[in-house]
Amino acid sequence: MRIRLPLGRSLFFLCALLFALIALLPLRLVLGWLDLDVRGFAAREARGSIWYGALSEAQLGPVALGDLDARLNALPLFLGRARVDLERRDEANPFTGAITVSRHAFGVDDLTGKLDIGSAFGPLPVAALDAQGLSVRFADGLCASAEGAVTASIAGDVGGLTLPPSLTGNARCDQGALLLPLASASGMESLNFRLRADGSYAIQLAVRPQDDAARDRLTAAGFQLGSAGYVLSADGTL
């Protein structure tokens, strides 16, 4: 015996089946398809579906993000972009943001939270970066747009000199790279962080000492005289 289903009902069941298959896609598969590891983003484990998943021990380059909730945002898909929303539910140290990928572009959107750097940028004494609404987009290998405020927390001293506890500035694009031009309240200390689409970065900490003793200590600590003052540099790849 054959049971004939009306075309409308058959179409409904077909759509329901397709929706169920998509809804049950594992988050780890989607992250693999988006090649986020090439962008420096990784996690020890991805659990759950694309609509409600979790990441264990997530990292952005050398920066540990901890355990995050993760889900694919459906609306940007209609514009040809895949956006993975991320959130750390920690009252003491919350974190929100998103990673967006399209055919020719990628970046982060609305990133707000504290990133613990540790010794990742050694020998520079940068302990953490605190982002407020940081959004960056790279297109065809170049920085296309950047906005948001960033504060770098400084730990310890350099060459026996006590540095200000924080340096602040706003993100922007410069010569195809993301630039975070951060400065102290006095303007005597500055930190420029440049990041390119391939994940390579260069950081320069500049100090303008006010006496010969301070200059000698900075020179002994590896600083070199430059146009912005005495400069200590570090570079690497995320």
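No value in this document is a laboratory result; all are computed from the given coordinates. Keep in mind that what you see is a predicted model, and the values were worked out from it rather than measured. As a convention, Cβ positions derive from the backbone with ideal geometry for all residues, glycine included, and neighbour counts pool all protein chains shown.
Key figures for this structure:
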item	result
Average silhouette area of the stretch 161-206, convex hull of alpha-carbon atoms, in square nanometres	3.6 nm²
Where labels lie 7 Å past Cα in the beta-carbon direction, separation of D90 and S227 in nm	4.0 nm
The stretch 25-102: radius of gyration and largest Cα-Cα distance (Dmax), Å	11.8, 36
Qualifying chymotrypsin sites (Phe, Trp or Tyr not before Pro) for the stretch 30-67 [loop in DSSP, other Cβ within 10 Å: at most 16]	W51, Y52
Dipole magnitude (debye, nearest 20) for the chain, charges at Cβ of Lys, Arg, Asp, Glu	1300 debye
Three principal axis lengths of the chain [C-alpha, angstrom, descending]	99, 35, 25
Hull-based mean projected area of the stretch 102-174, where the convex hull spans the alpha carbons, in square nanometres	5.7 nm²
Net charge dipole size for the stretch 25-102 [Lys, Arg +1 and Asp, Glu -1 on Cβ; Debye, nearest 20]	260 debye
Helix-only mean residue ellipticity at 222 nm for the chain, each DSSP H run of n ≥ 4 adding -39500 (n - 2.57), per residue, nearest 500	-4000 deg cm²/dmol
Paramagnetic label zone (point 7 Å from Cα along Cα-to-C-beta, S186; backbone N under 16 Å) in the stretch 198-226	206-218
Fraction of alpha-carbon pairs over 18 Å apart in the stretch 172-238 - percent	42 percent
